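S.K.: Input: one structure, supplied below.
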Amino acid sequence: MDEIHFLQIQRPVGQGGFHTGSLLWRAFPQRLAPVITGPQFFNWAYDCGSDQLSALATQIEEVRSVRFDVLFLSHLDSDHVVGLDQLLLTASGVDQLVLPYLGDDDWALHLSAAVSDGRLFGSLVDLAADPAGWFGARGVGRVVYIEAGDDNEDSGEAIDGPDRVDPDSHMPEGDDEDLTRVGDDRLPPETKWSRPPRAIHQGDRSSGRAQVDLLGRGAVAAVRVNGKTLNWVLSPFAFKPPAQKMLLFKQQLEHHFGAGRTAKDYAEAARSAVGRRSLRACYDAVWRTHNLHSMALYAGPATVPSGKLRNTAWHGRFVRRMVQPGWVSTGDFDASVQVRRDALLRYYSTYAPMVGQLGLPHHGSDLSFNSALLHAFPDLSCAIAAVGVNSHGHPGLGVQTAVAAWPSIEFVRVDEFASSVYRIGGPVL
């Protein structure tokens, strides 16, 4: 019987985010370097951006030629996606790219927020104009949108949690040869979603256009090998801006641009100074900050593993053993809003006993934090702030004080220095 191990890494890119994970066959590297090394059979990533571009470029180079089965984007702020173009062109391919659903008005919102913040970059404009073509030209086979809830929709009633995934009772069997390689006698691993997607755009490989699908809330990606489901899932959860504000924003768009405009129209407007001024006017009329869309991700076991935990975490000079394998990444999720926070914690309550790592929202900002995040995960070991040189005071003193009040939780700062990398690995039971 083959034994499968996982390795998850919060990469030292500074003020941004770049998380990678791998599932490997029995031969697990005895010395875990801050690089995905050796033969992997399943890889995923969450975000790829930073304000410290040199540190980000170094980390992207370290995963050169890796093929990612799934790449998740929490949202489209530059400090989370500015390295996306480089990653896609450096990797050997990306089978699926997952992000919160974005309609025409949502794309306009991201463009206008970037203009208002002075962070509009050309790749975002090109992406908004033609997502299927932009991603397809960079080796992405399939774009998967995840439907998102908003503050009003989820208030007063609980939304459904993630779909149940039942792993097989044993791992795929192999021979006694090199178990670190997927050979000809072994099917490649696959991402199996818990529900069928709805096609938005049929891909066309000959013209380099990605397929675009939409999945409802609750959809979970399970990992299957040789037809068997592993006890490991990737479970996204997305939020969108309140409907009332989006209605006001749409009215501003129609006032400045006319009705019936598409994302491509807004992208073309963003290419001119006049268009950018109009987009900024639309944004400034409705919003002051733009932590608007965000998608969290749970990566870990689908069900509580049996037997003794054997996971080990490394950060700088400390090594912590017996750490729960599950990891919740939050991007710029605003946990200070009670409705959003309650919805997030309610949604992930199924996985809560298995969560050992929590990516603190918005780089450990005091403004996006609530201590209920720490209470929700009984075996939480590490609260991680992906942070670098910044003018916002991240990570906040209040966040660090709240974490320090829990003797069982380590505050982990992962910045732009290679020595700050955080890694955890162990067997998938």
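The values are calculated or read from the model by the stated rules, or taken from the named source; none is laboratory data. Being a predicted model, the structure only gives us computed values, none of them experimental. Cβ: placed from backbone, ideal geometry, glycine included. Neighbour counts: every protein chain shown. With ligands, DNA and RNA removed, areas are computed over all heavy atoms of the protein, side chains included. Shrake-Rupley method; radii C 1.70, N 1.55, O 1.52, S 1.80 Å.
S.K.: Along its principal axes, what span do the Cα atoms of the range 309-365 show, with the longest given first and each in whole Å?
M.R.: Dimensions of the range 309-365 along the principal axes of its Cα atoms: 36, 26, 12 Å.
S.K.: Okay, next question. By how many degrees, between 0 and 90 and to the nearest 10, does the Cα long axis of helix 338-347 differ from the longest principal axis of the chain?
M.R.: The answer is roughly 30 degrees.
S.K.: Can you give the calculated 222 nm mean residue ellipticity of the chain, where each DSSP H run of n ≥ 4 adds -39,500 (n - 2.57) and the sum is split over every residue, rounded to the nearest 500 deg cm²/dmol?
M.R.: Working: 13 runs with 109 residues, N = 429.
One gets -7000 deg cm²/dmol as the mean residue ellipticity at 222 nm.
S.K.: Given Cα pairs under 8 Å that are at least 6 residues apart, what percent is the relative contact order of the range 59-170? Write out the running numbers ahead of the final one.
M.R.: On the way: 115 pairs, mean separation 31.7, N = 112.
Across the range 59-170, relative contact order equals 28 percent.
S.K.: Once Rg and Dmax of the Cα atoms in Å is worked out from the coordinates, which option in (i) 20.8, 68; (ii) 26.0, 79; (iii) 23.8, 107 does it equal?
M.R.: Identified label for the calculated read-out: (i).
S.K.: What lysines sit close enough to Lys192 to cross-link, taking a C-alpha to C-alpha distance under 27 Å and skipping anything fewer than 8 places away on the same chain?
M.R.: Excluding near neighbours in sequence, the set is Lys228, Lys240.
S.K.: Same structure again: For the range 200-290, what's the relative contact order in percent, using C-alpha pairs closer than 8 Å and at least 6 residues apart?
M.R.: Details: 57 pairs, mean separation 15.1, N = 91.
It rounds to 17 percent for the range 200-290.
S.K.: Oh, and also: Could you please state how large a percent of the accessible area of the chain is carbon and sulfur, counting protein chains only and using a 1.4 Å probe? All intermediate terms of the calculation are to be shown ahead of the outcome.
M.R.: Details: 8300 of 17210 Å².
Carbon and sulfur together cover 48 percent of it.
S.K.: Mean separation of Cα pairs under 8 Å and 6+ residues apart, divided by the residue count of the chain: what relative contact order is that in percent? Don't jump to the answer; show the numbers that get you there.
M.R.: Details: 1009 pairs, mean separation 81.8, N = 429.
After rounding, I find 19 percent.
S.K.: Now for a separate question. Just the accessible area per residue of the chain, please: how many Å² with a 1.4 Å probe? Walk me through the intermediate numbers first.
M.R.: Working: 17210 Å² over 429 residues.
Per residue, the chain has 40 Å² of solvent-accessible surface.
S.K.: Would you work out which of Gly139, Ala383, Gly260 lies farthest towards the positive end of the dipole of the chain? Charges go on Cβ: Lys and Arg +1, Asp and Glu -1.
M.R.: Ala383
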